[in-house]
Amino acid sequence: MQQNTPYTLIGGESQVNKLANRFYDIMENDPHAAELLAIHPQPMDSIRQRFFEFLSGWLGGPDLFVEKYGHPRLRARHLPFKVTPHQRDLWMLCMNQALDEVVSHPALKKELQKSFYQLATHMINSD
């Protein structure tokens, strides 16, 4: 594993896990994200774990998700759900707040916000 990946720059496993969980904490508690929360199956323990596993590999750390489930195929996995630009924006609201709280390096945070926005935009499948 390279030393200057986003995974290592964030702080490794514990910080990536914190980012994944903080993202879902915000989704569960911010009234603005209620619409986004409503489309997620409850309880969200397994979703939190899978998101951490995905983020681990996506950020340049251990490829935990791929090892367990194979290629993420994110767009295909999200096709059964109506994903709109508004839902992307709600997702980014939660992620940006989580990034603000977990990632201390300003340039890294800005780059991650850009990358997450591109990823979330790619999930849009409905107007």
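Brief remarks on what is shown
- Backbone HN-Hα couplings from phi across region 15-21 [Karplus 6.51/-1.76/1.60, Hz, Gly and Pro as x]: 6, 5, 4, 4, 4, 4, 6
- Cα centre as origin, Lys/Arg/Asp/Glu Cβ charges: region 6-122 dipole, Debye: 400
- Label positions at LEU74 and GLN118, each projected 7 Å from the Cα along the C-beta direction, are separated by 1.0 nm.
- With the simple model of a label 7 Å out from the Cα in the direction of the Cβ, GLU13 to HIS105 spans 2.0 nm.
- The charge dipole of region 70-127, taken about the Cα centre with unit charges on the Cβ atoms of Lys, Arg (+1) and Asp, Glu (-1), comes to about 260 debye, rounded to the nearest 20.
- Folded to 0 to 90 degrees: helix 45-58 orientation relative to the chain principal axis, Cα: 50
- Ordering THR8, ASN21, LEU93 by Cα displacement along the dipole of the chain toward the positive end leaves THR8 in first place; charges were set at the Cβ atoms of Lys, Arg (+1) and Asp, Glu (-1).
Bear in mind these aren't lab numbers, they're just calculated from the coordinates by the rules spelled out. What you are looking at is a predicted structure, and each value in this text was computed from that prediction instead of being measured. Glycine also receives a Cβ, built like all others from the backbone with ideal geometry; neighbour counts cover every protein chain displayed.
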